[in-house]
Amino acid sequence: MMMAPEKATSAEPTPAAIQLGKTSDPAVYGELDAASAPPPADDDSWTTRPHTLLVGFITLVYFLYALLHQDPASTQVDDLKSGVKFACIFFLVYCVLQLRDGHFIRPHPAIWRLITGIFILYEMLLIVLLFLKTPDARQFLRHYDPRLGVQLPEEGFAEDCRLFTPEHPTNVMANISATFFDRFVIMHFLGWIVGALMIRSYTVCWLISILFEFYELSFAHWLKNFAECWWDQVILDVLVCNAAGIWLGMRICRYFEMKKYNWVGWRKIPTVSGRARRFAAQFTPANWLAYDWKMFRSASRFWMVMFMVVILSVMMLNSFFLKTVLWVPASNSLNVVRLGIWYSAGSYAIAEFYVFMAYTAPTNVPQGVTAPSRKLGPRAWLGLGVVVTEVCLILKHGQGMFTAPFPTMVKVGWAIAFVLLFGGSSVYFAWVHRHRRAQDDKKTN
C-alpha cells in the first residue's frame with residue numbers, strides 16, 4: 001500500500017508566532033507568548049459573555065420609562081440636566097459594552113471599561129470648564145453641589161507651631177493632637193498605600209514624595225495651606241504618612257508577587273465553600289506584574305521615568321490649585337470623586353506607560369509581515385491629556401490670584417536642583433554608566 005506523501009513543512013514562522021516585547025495594547029501587539037499570557041476567561045459562564053443586546057435593551061427601556069415619567073412642570077434647566085445625565089449614562093453603557101479590554105481583567109473587564117469611560121467624561125468636564133469664564137466655571141459647579149461657588153477663607157497650618165501649649169485647659173500637646181488626628185492625615189496615609197500599589201517601586205515613590213515636598217515649600221506663598229510647621233512636614237508627612245504608606249503598599253505588592261495564581265472556572269469547583277472562595281478571589285488580581293523601572297539602565301529610560309514622576313507629582317499638585325481657583329472646600333466630596341477617578345484610572349495609565357517604556361522591538365518577524373510599532377496605550381494617553389487640561393484650567397481661572405513673586409530661596413533651591421539633576425545625569429550616563437558597560441562587555445567577552 002502506498003503511503004500518502006507527507007505535507008511539506010515550512011520553517012518560516014507564521015504571523016502568530018512572532019515574539020513581541022511588552023506593549024501598551026495586548027489586543028494590537030499581543031502579549032502573544034502563551035507562557036506569560038493571562039489566563040483565559042472562566043469556562044464560558046454567563047458573566048463572561050458580552051450581552052450587548054440584553055444590556056442595550058435594558059438601557060432603552062430605562063430611557064423610555066424616564067421619558068414617559070418626565071415631570072411636565074420641570075424647568076428648562078431641569079430638562080437640560082436630565083438630558084446631560086442620560087447622555088452620560090448612554091456613553092458609559094457604550095464604553096462598558098464596546099471598549100477594548102486591556103491588561104486589567106479583575107474583578108471584571110467591564111468594570112475597567114466603565115472606569116475608562118468615567119475618565120473620559122472627567123476630561124470632557126474639564127474641557128467644558130476650561131472654555132467658561134472664571135465666574136461661570138465656579139457657578140457651574142453649583143449644579144453638583146449648591147453649596148459651592150462661594151469664595152474660600154484662607155486657612156493655614158503654621159499659625160502656632162509650638163510643641164507644647166501649657167495654657168491649654170485639657171491637653172498640653174493640643175497642636176500635635178489636632179494635627180495628628182486630622183482626617184486628612186488618614187487620607188494622606190491611605191493615598192500613599194494606593195500610590196505604592198500603582199507605581200510598585202520604592203525609588204519612584206520616594207522621588208514623587210520628595211518632589212511634592214519641594215512643591216509645598218515652593219508654593220507656600222501662594223497656597224496658605226502649604227505652610228506647615230516643621231514637625232508636621234518632616235515627621236508627620238514624610239516619616240509617618242509617606243514612609244509608612246509606601247512601606248505598607250510595597251509589602252502588599254510583594255505579597256501579590258509571591259502569590260501563586262491558579263485560576264479555576266466556576267463550573268469546575270464542586271463545593272459551595274470552594275466557589276465562595278473563588279468568588280472572593282475574583283476581587284484580587286489575575287496576575288501581578290512587578291514593575292522593574294530600571295531608570296539607570298540608559299539615559300532615555302531615566303528621562304522617561306523622570307517624566308512620569310513629574311506628571312504624577314503635578315497631578316497631585318493640581319488637587320490643591322483646582323480647589324483654590326474653583327472655590328471647592330477641602331471637605332467637599334468633589335475632591336474625593338476626583339481622587340477616586342485618578343487612583344483607579346491612573347493605575348491603568350501607569351501600567352500602560354510601563355509597558356510602553358519597557359517595549360522591545362519584535363523578533364523573529366517573517367518577511368512580508370509588518371511588526372507592530374511602539375504606541376502609548378489609550379489610558380496613559382488620556383491620563384497625560386487630563387493632567388495637561390487641569391494645568392490649563394488652573395492657569396486660566398487662576399489669573400490674578402497668584403501674583404506674589406517667588407522668594408529668593410525658592411529660586412536658588414530650584415536652580416540647584418536643576419543643576420544637580422541635569423549635570424549629575426549627564427556625568428553619570430556619559431562616563432560612569434558607559435565605563436561600567438565597557439567593563440561588563442570585557443567580562444562577557
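The values are calculated or read from the model by the stated rules, or taken from the named source; none is laboratory data. All values reported here derive from a predicted model rather than from experimental measurement. Neighbour counts run over all protein chains shown; Cβ positions are idealised from the backbone, glycine included.
For region 88-120, residues that are in contact with a Phe, Trp or Tyr (Cβ under 7 Å, 6 or more places away or on another chain) and farther than 17 Å from M198 by Cβ total 2. V355 meets the conditions (1) modelled with pLDDT of 90 or more; (2) over 21 Å from I118 (Cβ atoms); (3) in a helix (DSSP H, G or I) in every case but one. The failed one is (1).
Every residue, every condition in (1) free of Cβ contacts under 8 Å to residues at least 24 places away in the same chain; (2) surrounded by fewer than 20 Cβ atoms within 10 Å (Cβ to Cβ); (3) closer than 27 Å to H221 by Cβ, yes or no:
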site: A290; (1), (2), (3): no, yes, no
site: K323; (1), (2), (3): no, yes, yes
site: S331; (1), (2), (3): yes, yes, yes
site: V337; (1), (2), (3): yes, yes, no
site: A358; (1), (2), (3): no, yes, no
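Taken over region 94-108, residues that are surrounded by fewer than 19 Cβ atoms within 10 Å (Cβ to Cβ) and in a helix (DSSP H, G or I) amount to 3. Of the residues in region 310-331, not one is basic (K, R) and assigned to a loop (DSSP other than H, G, I, E, B). Evaluated against (1) within 20 Å of I350 (Cβ to Cβ); (2) surrounded by 13 or more Cβ atoms within 10 Å (Cβ to Cβ), R278 falls short on exactly one condition, (1).
Could you tell me whether region 249-272 includes any residue that is in contact (Cβ under 8 Å) with a residue 12 or more places away in the chain, assigned to a helix (DSSP H, G or I), farther than 22 Å from Y202 by Cβ and in contact with a Gly (Cβ under 7 Å, 6 or more places away or on another chain)? No: region 249-272 contains no residue that is in contact (Cβ under 8 Å) with a residue 12 or more places away in the chain, assigned to a helix (DSSP H, G or I), farther than 22 Å from Y202 by Cβ and in contact with a Gly (Cβ under 7 Å, 6 or more places away or on another chain).
Within region 68-92, residues that are free of Cβ contacts under 8 Å to residues at least 40 places away in the same chain and assigned to a helix (DSSP H, G or I) have Cβ atoms under 9 Å from residues that are loosely packed, with under 10 Cβ neighbours inside 10 Å and among the charged types (D, E, K, R) in these pairs: D78/D71, counting only partners at least 6 apart in sequence or on another chain.
Just a yes or no: is a residue in region 155-171 surrounded by 13 or more Cβ atoms within 10 Å (Cβ to Cβ), closer than 28 Å to L312 by Cβ, in contact (Cβ under 8 Å) with a residue 12 or more places away in the chain and among the aliphatic types (A, V, I, L, M)? Scanning region 155-171 turns up at least one residue that is surrounded by 13 or more Cβ atoms within 10 Å (Cβ to Cβ), closer than 28 Å to L312 by Cβ, in contact (Cβ under 8 Å) with a residue 12 or more places away in the chain and among the aliphatic types (A, V, I, L, M).
Being in contact with a Phe, Trp or Tyr (Cβ under 9 Å, 6 or more places away or on another chain), outside any helix (DSSP H, G or I), at pLDDT 90 or above and exposed (fewer than 10 other Cβ atoms within 10 Å of the Cβ), is that true of even one residue in region 404-411? For region 404-411, residues in contact with a Phe, Trp or Tyr (Cβ under 9 Å, 6 or more places away or on another chain), outside any helix (DSSP H, G or I), at pLDDT 90 or above and exposed (fewer than 10 other Cβ atoms within 10 Å of the Cβ): present. Only one entry of G102, G83, G156 meets the criterion of being modelled with pLDDT under 90, more than 24 Å from the chain's Cα centre (by Cα) and among the small types (G, A, S), and that entry is G156.
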